[in-house]
1. Can you pull out every residue in region 81-101 that is under 14 Å from Leu131 (Cα atoms) and at pLDDT 85 or above?
2. How many residues, within region 59-91, are outside any loop (DSSP other than H, G, I, E, B), exposed (fewer than 14 other Cβ atoms within 10 Å of the Cβ) and over 14 Å from the mean Cα position of the chain (by Cα)?
3. Can you tell which of Ala96, Ala63, Ala87, Ala56 is in contact with a helix residue (DSSP H, G or I) (Cβ under 8 Å, 6 or more places away or on another chain) and among the hydrophobic types (A, V, I, L, M, F, W, C)?
4. Can you find a residue in region 94-102 that is more than 26 Å from Ile127 (Cβ to Cβ), hydrophobic (A, V, I, L, M, F, W, C) and over 15 Å from the mean Cα position of the chain (by Cα)?
5. Provide a single number: the residues in region 97-128 that are surrounded by 15 or more Cβ atoms within 10 Å (Cβ to Cβ) and free of Cβ contacts under 8 Å to residues at least 12 places away in the same chain.
6. Against the definition (at pLDDT 85 or above and part of a helix (DSSP H, G or I)), how does Ala130 come out, yes or no?
7. Which condition number does Leu94 fail, the rest of (1) surrounded by 13 or more Cβ atoms within 10 Å (Cβ to Cβ); (2) over 21 Å from Ala138 (Cβ atoms) being met?
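The values are calculated or read from the model by the stated rules, or taken from the named source; none is laboratory data. Since this is a predicted model, take the numbers as computed values, not measurements. Reconstructed Cβ throughout: ideal geometry from the backbone, glycine too, with neighbour counts over all protein chains shown.
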Amino acid sequence: TPETRLHRRLTPFDALLLTLSCLSPVFSVYGPGAEVLRQSGTGAAALFALGIGVAAVWGMVYAELGSAYPYAGGDYVGVGTVLGPAAGFACLALWAVIILPMDAYLAKLVATYATEVLPGSAPWAWIYGALLAALAVALLAVRASALVTGIFSQHRIRRG
């Protein structure tokens, strides 16, 4: 029935903030990326450029899938819609296995940088603080979460 379907209510500004929130995985460049460049040399820069190309193609694939199968939710919802519930559950399980260690790694990365800026602070406090802050933002509604992420992304873009 029409009243049970999801309504598209994102304004252009909301879409801009969601787009900016996709820029926030900058940790992957500033964290291990700097070390990869330091240890591997210029060949790693070519691989980063290749990664940008792959990400652009992946974005176009997502855009096409999004127009063909409009849905709200994570990747597992889209996979489940296109390939069936078993594939959707497999995708959800895979994300659960990947996300937990990745969140811990990113929290450790925040602690590494924060203790460099504030040498007397305890790393464990930064780790747990980063995890709690990420949880708080994730529990917000989509618009509020995108607003928080968009603010951080705009700040980063302005600082260059």
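1. Hit for region 81-101 is Pro101, nothing else.
2. Number of matching residues: 13.
3. Values: Ala96 fails: in contact with a helix residue (DSSP H, G or I) (Cβ under 8 Å, 6 or more places away or on another chain); Ala63 fails: in contact with a helix residue (DSSP H, G or I) (Cβ under 8 Å, 6 or more places away or on another chain); Ala56 fails: in contact with a helix residue (DSSP H, G or I) (Cβ under 8 Å, 6 or more places away or on another chain).
The match here is Ala87.
4. Within region 94-102 (the criterion being more than 26 Å from Ile127 (Cβ to Cβ), hydrophobic (A, V, I, L, M, F, W, C) and over 15 Å from the mean Cα position of the chain (by Cα)), the answer is no, since none of the residues qualifies.
5. Adding up the residues that qualify gives 1.
6. On the way: at pLDDT 85 or above: yes; part of a helix (DSSP H, G or I): yes.
Answer is yes for this residue.
7. Unmet for Leu94, out of (1) surrounded by 13 or more Cβ atoms within 10 Å (Cβ to Cβ); (2) over 21 Å from Ala138 (Cβ atoms): (2).
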